[in-house]
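Reviewing the structure listed below.
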Amino acid sequence: MSKSSSIYTRVEPEIKEQVEQVLSKLGMPMANAINLFLHQIVLHDGIPFEVKLPQRKLVDYSMLSQEQFNIEMEKGLVDVEAGRVASAKQVRKYEA
């Protein structure tokens, strides 16, 4: 049995970059994260997390108090600073 085996896969460049930023903060190389994920699949005898579409809750900003509005805006700023952004094209996919 060999000590290692290679896996080659294609990923979206934006996702790869975002993952690398997160893993860098954790001090973990991509290969270690993938290896950890594969071990978890074996231990859980399946995907180690629930796979489903997120529940999208639309916020009616006209119904918010000034304080609630500021909280929502702060959440948005945190997402932007963390690189959690979407293009207009990606947003339109969820309008239907």
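Below, the figures for the structure above:
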item: Integer Hz, Karplus 6.51/-1.76/1.60 couplings in order for the range 37-51, x for Gly and Pro; result: 4, 5, 5, 5, 4, 5, 5, 8, 6, x, 5, x, 7, 6, 10
item: Per-residue HN-Hα couplings for the range 53-62 [Karplus 6.51, -1.76, 1.60; θ = phi - 60°; Hz; x = Gly/Pro]; result: 6, x, 6, 8, 10, 7, 9, 8, 4, 5
item: Segment residue 90-residue 15, extension gain: residue separation times 0.36 nm, minus the distance between their alpha carbons; result: 25.7 nm
item: Set of lysines near residue 93 by C-alpha distance (under 30 Å), chain-local residues within fewer than 8 positions excluded; result: 16, 52, 57, 75
item: Helical contribution to [θ] at 222 nm, DSSP H n ≥ 4, -39,500 (n - 2.57), averaged over the chain, rounded to 500; result: -16500 deg cm²/dmol
item: Translational D in µm²/s for the range 53-96 (Stokes-Einstein at 25 °C, 0.890 mPa s, Kirkwood Rh from C-alpha pairs); result: 202
item: Dimensions in Å of the chain - Rg and Dmax from alpha carbons; result: 18.6, 63
item: Dimensions (Å) - the range 8-52, Cα atoms, principal axes, largest first; result: 29, 23, 22
item: Per-pair calculated FRET efficiency, R0 = 41 Å: residue 62 and residue 23 via Cβ, rounded to 0.05; result: 0.55
item: Angle between the chain longest axis and helix 13-26 axis [Cα atoms, degrees, rounded to 10]; result: 80
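Each value in this text was obtained by applying a stated rule to the coordinates, not by laboratory testing. Values in this document were obtained by computation on a predicted structure and should not be read as measured data. Cβ sites come from the backbone with ideal geometry, for glycine too, and all protein chains shown count toward neighbours.
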